[in-house]
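Contents: one structure, followed by commentary.
The values are calculated or read from the model by the stated rules, or taken from the named source; none is laboratory data. Remember, it's a predicted structure, so these values are computed and weren't measured experimentally. No Cβ is skipped: glycine too gets one built from the backbone with ideal geometry, and neighbour counts run over all protein chains shown. SASA here: full protein model, heavy atoms, side chains in, ligands and nucleic acids out. Shrake-Rupley method; radii C 1.70, N 1.55, O 1.52, S 1.80 Å.
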Amino acid sequence: RSPVEDRAADSRRLEGLGAAYFYTGDAAHGREQIITLEKMVATVQKTADARRAEARAAEEKVSAKPIGGRRAPPAPGKARANKLKTIERALSLLRGHEALAAGDGKAAVTHFEQASTKDKELLSRAYLAAGDRAKAEESARAALDSGKNQFYPLANSIDVLWRLDKKSEAGKRFEVLRTLGYQADVFGR
């Protein structure tokens, strides 16, 4: 590890690693990533609280001095608050992945919405697992609309439609997917 820690980047790495563990059936290692993220949140929060206390004490000292005295140090916070928000978001996402991998769609949706994820494919799978068919289809369609001629959003929409028993529409999209896959193979050579 470098001398300068990047907890925000670490939190994103832990979220991805934990998701991989959960979806491959290794819940124990996935939980370890959650525990690590929880510790990161506590550490950043503790540091932020200590810095706020220091800033308040310095401000009180300065306000007790006559005019022309020292200025209070700038309030710590915006960067730390953003870092904390990033870590908490990764933690919510990872808890959502854990719930989704365990088959608890409603909890997954709650965690993903708490994290304010923009990942429409992920949301479509969570809504589907939660039994919200309309939102599952809506999210899959939104992902497809924003990812024209992209393999993953198209494959996800086919999966969602198939599970929603809309096999005819899924079949039509599968033909598009097959063409897209063929073109990638031909042009990739």
Name the pairs: first residue in region 117-136 and of a type in the set (D, E, K, R), second residue in a loop (DSSP other than H, G, I, E, B), Cβ to Cβ under 7 Å, at least 6 apart or on different chains? ARG133/LEU164
Contact list please: Cβ distance under 6 Å, first residue in region 77-93 and of a type in the set (A, V, I, L, M), second residue assigned to a loop (DSSP other than H, G, I, E, B) and at pLDDT 90 or above, pairs at least six apart or on different chains. LEU93/ALA115
Output the residue which, of all residues in region 54-99 that are at pLDDT below 90 and open to solvent by less than 50 Å² (accessible area, probe 1.4 Å), is nearest to the chain's Cα centre (by Cα). LEU84
Take region 17-42 and flag every residue that is among the small types (Gly, Ala, Ser), surrounded by fewer than 14 Cβ atoms within 10 Å (Cβ to Cβ) and assigned to a helix (DSSP H, G or I). ALA28, ALA42
The lone exception for ALA102 - which of (1) crowded, with 21+ Cβ neighbours inside 10 Å; (2) under 24 Å from ASP26 (Cα atoms) it fails: (1)
Do you know which residues across region 9-25 are under 13 Å from THR36 (Cα atoms) and among the aliphatic types (A, V, I, L, M)? LEU14, LEU17
Show me the helices (runs of 4 or more DSSP H) found entirely inside region 113-178 where at least 3 residues are in contact with a Ser or Thr (Cβ under 7 Å, 6 or more places away or on another chain). 120-130, 133-146
Among the numbered criteria (1) modelled with pLDDT under 95; (2) touching a helix residue (DSSP H, G or I) at 6+ places or on another chain (Cβ under 6 Å); (3) of a type outside the set (A, V, I, L, M, F, W, C), which one does ASP145 miss? (2)
Looking at SER124, SER146, SER157, which is the one that is open to solvent by less than 20 Å² (accessible area, probe 1.4 Å) and farther than 14 Å from GLY96 by Cα? SER157
What about GLN45, is it open to solvent by less than 70 Å² (accessible area, probe 1.4 Å), assigned to a helix (DSSP H, G or I) and within 14 Å of LYS83 (Cβ to Cβ)? yes
